[in-house]
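For reference, the structure is listed below as structure tokens.
Where a number appears in this text, it was derived from the coordinates with a stated rule and is not lab data. Fair warning: this is a prediction, and the values are worked out from it, not measured in the lab. Glycine also receives a Cβ, built like all others from the backbone with ideal geometry; neighbour counts cover every protein chain displayed.
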Amino acid sequence: MNPEHLGRTSVGVWESVVDRPGDSGYSRLMFNDDVKWIPRPQDVVGMSTEELRDSFLIADIFGAGELRGVFTGLDRLVVGGAMPLAPLQLPNHPKTGRAFFLERRELGAINVGGPGTVQVDGKSFSLPRLGCVYVPMGTRSLVFESANAKEPAQFYFLSCPAHAAYPAAVMKKEDATAATLGSPANANRRTIHKYIHAGGMASCQLVMGFTELAEGSVWNSFPPHTHDRRAEVYFYFDLGESALVHLMGPPTQTRHLFMRNQEVVLSPPWSIHCGCGTGNYRFIWGMAGENQTFDDMDGVGPTDLR
């Protein structure tokens with residue numbers, strides 16, 4: 001299989017369409033120097049489609065043989081992807097203001113590609129597809145590897161500031177805390193898999209997991225909600241060639257973005273976040289903020305949306 005184009009079309013299997021090294025504006029090990037600053041809710045009302053996409057959407061998170069990352073204005077979250085054809089070590093960036101990247105940060109990564117390995121200060125953690133690793137503050141060396149470069153791993157990661165260190169840990173999908181919500185009648189039957197949270201792998205403030213929709217269901221996180229005490233990031237994957245409509249904005253001033261496979265959308269605390277596709281799919285969610293209480297959210301009734 002060519003690692004530069006991996007394609008299948010259902011939630012049960014994986015797909016990636018990525019840039020070849022040198023085809024994008026990224027170098028092989030690079031964090032984008034531009035921060036994704038988040039507009040105010042009153043500014044969003046008058047933004048054009050391109051302005052919305054430039055402010056809230058991150059595309060091209062993976063490149064074959066590359067590690068890519070973007071600093072954001074959401075609780076200092078960093079969003080990134082590593083697709084190793086050879087081992088890739090997490091570099092530092094001047095924006096951390098520290099001697100090494102994870103000196104005062106923690107990181108979570110979920111593998112959406114082939115089997116891989118993560119080396120945390122020399123300790124090896126095997127990570128199958130849909131497995132998750134937690135990497136604590138103070139880690140000096142973090143290396144991403146693929147078991148087979150012809151079917152490379154794809155490590156989607158989030159990193160946020162931390163003030164306490166917890167043990168490095170790994171978890172497979174079958175060991176995650178799972179909760180099934182919604183119904184086929186409402187086209188929103190979905191299972192939430194919680195990895196990094198108060199009842200799972202411990203962290204300072206990062207919360208992370210993924211949601212998969214049942215066959216015949218297309219709506220995620222509907223009815224929607226906001227949560228003033230935490231920002232959230234969605235990474236949509238296993239969409240195949242389809243597009244998905246992601247709804248965002250203040251509940252009474254909603255906007256939308258058309259999302260495609262393996263794209264990221266940033267959700268500030270004041271914004272709803274939900275989506276609707278043309279078939280089932282998966283998305284990784286990650287949060288950071290003032291608490292780790294998963295259910296700390298403010299629901300919005302469908303009839304209150306505008």
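A few remarks follow.
- Mean projected area of the Cα convex hull of the stretch 175-304, taken over all directions, amounts to 7.5 nm².
- Cβ-based exposure ranking for Asp304, Asp295, in which fewest neighbours within 10 Å come first: Asp295, Asp304
- Sequentially through the stretch 100-111, phi angles give Karplus couplings (6.51, -1.76, 1.60; θ = phi - 60°) of 8, 4, 9, 4, 10, 9, 10, 8, x, 9, 10, 8 Hz, Gly and Pro residues having no value and appearing as x.
- For the chain, calculated [θ]222 nm from helices alone, where every DSSP H run of n ≥ 4 adds -39500 (n - 2.57): -1000 deg cm²/dmol
- Computed Rg/Rh of the chain, alpha carbon atoms with Kirkwood Rh: 0.93
- Dimensionless Rg ratio for the stretch 138-209, taking C-alpha atoms and the 2.2 N^0.38 Å reference: 1.41
- When both the stretch 86-144 and the stretch 157-180 are represented by their alpha-carbon centers, they are found 12 Å apart.
- Counting every other Cβ atom within 10 Å of each residue's Cβ, Ser141, Ser183 order from fewest to most as Ser183, Ser141.
- Interchain or long-range residues, amide H under 5 Å from Ala214's placed H: Arg189, Arg190, Thr191
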